[in-house]
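Any read-out appearing in this document is the output of simple, stated calculations on the displayed coordinates, not a laboratory observation. These figures come from a predicted structure and were not determined experimentally. For neighbour counting, all protein chains shown are included, and Cβ atoms are generated from backbone atoms with ideal geometry for every residue, glycine included.
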Amino acid sequence: MSEERKLTKVKINLMRDPRFALMSGIFMVGKTGIKDGIPTACTNGRDEWYGREFVNKLSEKELGFVVAHEAMHKMYRHLTTWRKLHDENHKLANAACDYVINLQLKDLDKAESIIAMPICKDGPNKGKVIGLVDERFRGMNAKQVFDILKQEQEDNGGDDDPDNFGDGDGEGFDEHDWEGAENLTDEEKKELERQVDQAIRQGLIAEKKFGKGAGGLGRDMEDLLTPTVDWREVLREFVKSTCAGKDKSSWRRPNRRFLGSGTYMPTLVSETVGNIVVAVDTSGSVGRDEFLEFMSEVKSIADDVKPSRVDMLYWDGAVDKHEEYEQHEVANLIDATRPMGGGGTDPDCVPKYMASKGMRPECVVMFTDGYVPNWGNDWVAPVLWVVVDNKEAIAEHGKTVHIDTRN
C-alpha cells in the first residue's frame, strides 16, 4: 500500500468512528499530503504534511494517532492562539500544546482499538513511546501547562531539554510550523477561522447523531465557539504589534526571515513609535469602573510602547472632545481626561474626524458597548474594538475583543 493510500485510509477510518465524530469536520480543513524530506508530520494550523518515510514506519493505529493529533492542533487553533508562548520559548510552547492533545486522544481510545501513540522503532529509545503525556496536566490548557513547565525550567537552572519532559522519550512526533501560520495572509487567516468554526459546529452535530465521545471533548469544542480571552492581553498585544517602530538595527534578536538560509541579519527596532488614537463611546451604558479599568490598561501600554502622542476622542453621534497627550503627559492621562458626550451613536464619526484633521495614527482603539448602527468606514489604521457586555457584537472592520462584567 502506498503512503498516500495508507494516509487516506486512516483518515477515513477516523471520520467513520463515532468516538472521533466530533473531529470529522476538522479532518477536512486545509490540505493533507505526503512530502519527501519531512522527518515526521507538520501543520501550520491549516494544512498537514507527512514525511513519506515516517508514514511508512508507522502502523495504521500509530498513524491514526498522529493524524488526530494534527487535527487537534488545528481545532484548538494552537499556532495562532499561543503565538505569544512560542515567541517566549518555542520548546516549551510546543511541549505544552502536545501535552494537552495527547492526554485527550488517549482518553478517546483507551483500549487503543484505532489509535495508539507511536513507538520508537530503532536507536537507543527503541520500544519506548514517542510523544509527551503527563497526568499532571489533565484538564489544563496550553497556557497553564506552559506556565508549569516554565517554572520547572527556572527551578532547574534554565534547562529546557525536551528529554526532561514527561513520559516517553521526550521527543514529539510532529513539527509545529509556527512560521507558516504567521505567514498566512490576513485573508487566509480570516478564512481559516471561518472554516475551523464551521468544522467545530459540524462536529457537534455529528456528536448528537452518533452519541457523546469520551474525555469531555464535546464540551471543549463548544468552548472554542465562544473562547474566553483576557481582553487586557489582546489589547496589549494589538498595540505592541501594530506600533512596532523600526528606527534602528539590533543583533539581539536575529531576523527570522533569513535564519532558514543560515544567514544572520539584525531586526529593526525602535524606542518610540508614532501616535495612537483611543476613541471612547460616551453614548452607551459603559460604567465608570469599566472605563477606569480600560484607561488604566491604555496608560500602562502607552508607558511600554512610548507613543509620541495619545489622542483621546470622546464620541457619540459626533466627536465631542479631542484631548492630546504628549509622551511626557501620558502618566497623568487618567487624572487629566474629562469625558464628554451623551447624544446619538455613530462610530463612523471617528474615521471622518480623523480624516478631517489629517490624523494618521499607528492604531486606533475603540471602546464601546457595541450597540451601534455601523462599524465605521475608511479606517486609515488598524482598529481594535473593545466591547463591554455585548458578546453578540462583532465589528465588521478590525479586531474585536469583549469585556464581560457580568460573570
Which of GLY45, SER24, SER2, positive extreme of dipole for the stretch 1-45 (C-beta unit charges): SER24
Trypsin sites (Lys or Arg not before Pro) restricted to DSSP loop in the stretch 309-407 with at most 15 other C-beta within 10 Å: LYS357, LYS391, ARG406
Neighbour cut-off at most 10 other Cβ (10 Å), DSSP loop, GluC sites (Glu not before Pro), the stretch 347-407: GLU392, GLU396
Point-charge dipole on Cβ atoms (K/R +1, D/E -1) for the stretch 1-99, about Cα centre, debye to 20: 240 debye
Greater than 27 Å apart at Cα, pairs in LYS91/LYS126; LYS9/LYS74; LYS106/LYS208; LYS143/LYS208; LYS91/LYS391; LYS31/LYS110: LYS143/LYS208; LYS91/LYS391; LYS31/LYS110
Reach of LYS84 by Cα under 16 Å, taken over aspartates and glutamates that are not fewer than 8 positions away in the same chain: ASP147, ASP177, GLU179, GLU182, ASP230, GLU233, GLU237
Trypsin sites (Lys or Arg not before Pro) restricted to the stretch 1-83 and DSSP loop, no more than 11 other C-beta within 10 Å: LYS31
